[in-house]
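Notes follow the structure.
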Amino acid sequence: MKLDAFDQYIHDQYQGYEVTPPAALEDAVMGKLRRMKWARRVRVGAGVLAVLAGGGFWWGATTAESVADPVAPAAAPVVRVADPVDPAQPVDPAQPMAAEQTTPEVRTAVEEAVAATLTEAPEVSPERPAAMAPLDSRIEPAPLAESGQPEKSLQKDRGGSELWIISAEVEVKDR
Amino acid sequence: MSLMEPELLELIDACKRGKSRAQREVYRRYSSMLFAVSLRYTNSREDAEDVLQDAWVKIFRHLNTFSRHHSFEGWLRRIVVNTAITHYRRQLKHAYHADIDEVHATPADLEAFKDLDYTREELDHAIAQLPTGYGTVFKLYVIDGFRHKEIAEMLEIDINTSKSQLSRARKYLQDVLAHMSLTALKPDRHEA
């Protein structure tokens, strides 16, 4: 009897040998796998939350630093222009300006500018200005419209004569 | 079973995706075979159940590492054996070099194996009497078909140690079986 044959004999005896485990073992294994799966999901969720929280904290810290940074140049004062005045609405000169336009900085700047202007204003010459040319010479006859068909309208009928009014444009040159 | 059986591959892929139904199917398909393996490398049924449970968890956790070019059954078997060995590693480490003097099979004993006719229960009884170190190497090599290199890696021993342990285990087992044949055990079985 060779030992190899002995090995083969033993091997063959156990070939296909199976023992059914207890049924509870399957549920135990599956339950453990299920718990591990949930634990993994919780870990992933916690990781995501941690990343988001960290990102939010970093964002908040960065924003706070930019606001409180003493080295950063002071931003120029913002002067908001009041809404355009509706021409249909009457303007009350006694009404104070909007608060945005009367900030101390703006008011100071305006007052300084006005004071400088008044101080540096040239003296007015007491001499009277030269007489202006007659008005007629300053008016040039305006050419009729080149359309050839000027707009005209019959206004009155005085004693059988007709009075036509023709529109024209007159250009006045200020010499 | 073909390694590339499409149904099995689909089942494995589904398990990799964490599908519970597929995991149950794989469990039911292989648990009986693996429980027999676990029983072989543990000292009690309770330990075998613990080892098998741990092994199944490892199997499903590390299923992504399984290469479809290898035997799935062999891969499962190896995980169960490794789990059992880890379970008893301390005990096994102290057992590999023990009981050498107890091996005393003789050529006369081998004459008893001319007509090998033992039931698996008798073999279980004889193998269970092997010292733990011998028995583990013998079962890994002879029953589960691992090579000496693999056994050396699993047990963290030298290859030559694995070979010498196997040789001694054979002699020891033959001695035990010879004594079983000489006693009334074997005739009793035939009468029964």
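Coordinate-derived values only; no laboratory data. Small disclaimer: the values here were computed from a predicted structure and weren't measured. With ideal geometry, Cβ positions are generated from the backbone for all residues, glycine too; neighbour counts draw on all protein chains shown.
For B:123, B:182, B:116, the sequence from fewest to most other C-beta atoms within 10 Å is B:182, B:116, B:123.
Grab the beta carbon distance between residue A:108 and residue A:49, set R0 = 51 Å, and tell me the FRET efficiency rounded to 0.05. Don't jump to the answer; show the numbers that get you there.
On the way: r = 52 Å, r/R0 = 1.02.
For residue A:108 and residue A:49, the calculated efficiency is 0.45.
Sorting B:62, B:148 from the fewest to the most surrounding beta carbons within 10 angstrom yields B:62, B:148.
Converting phi to 3J(HN,Hα) with the Karplus coefficients 6.51, -1.76 and 1.60 and the offset θ = phi - 60°, the stretch B:53-70 yields 4, 4, 5, 5, 4, 4, 4, 6, 6, 10, 5, 5, 7, 6, 9, 6, 7, 10 Hz in sequence order, with x at every glycine or proline. Remark: the residue A:24-residue A:153 segment gains 35.2 nm on full extension, using 0.36 nm per residue and subtracting the alpha carbon distance. Hydrodynamic estimate: the Kirkwood radius of the stretch B:28-81 over Cα pairs, inserted into Stokes-Einstein at 4 °C and 1.567 mPa s, corresponds to D of 115 µm²/s.
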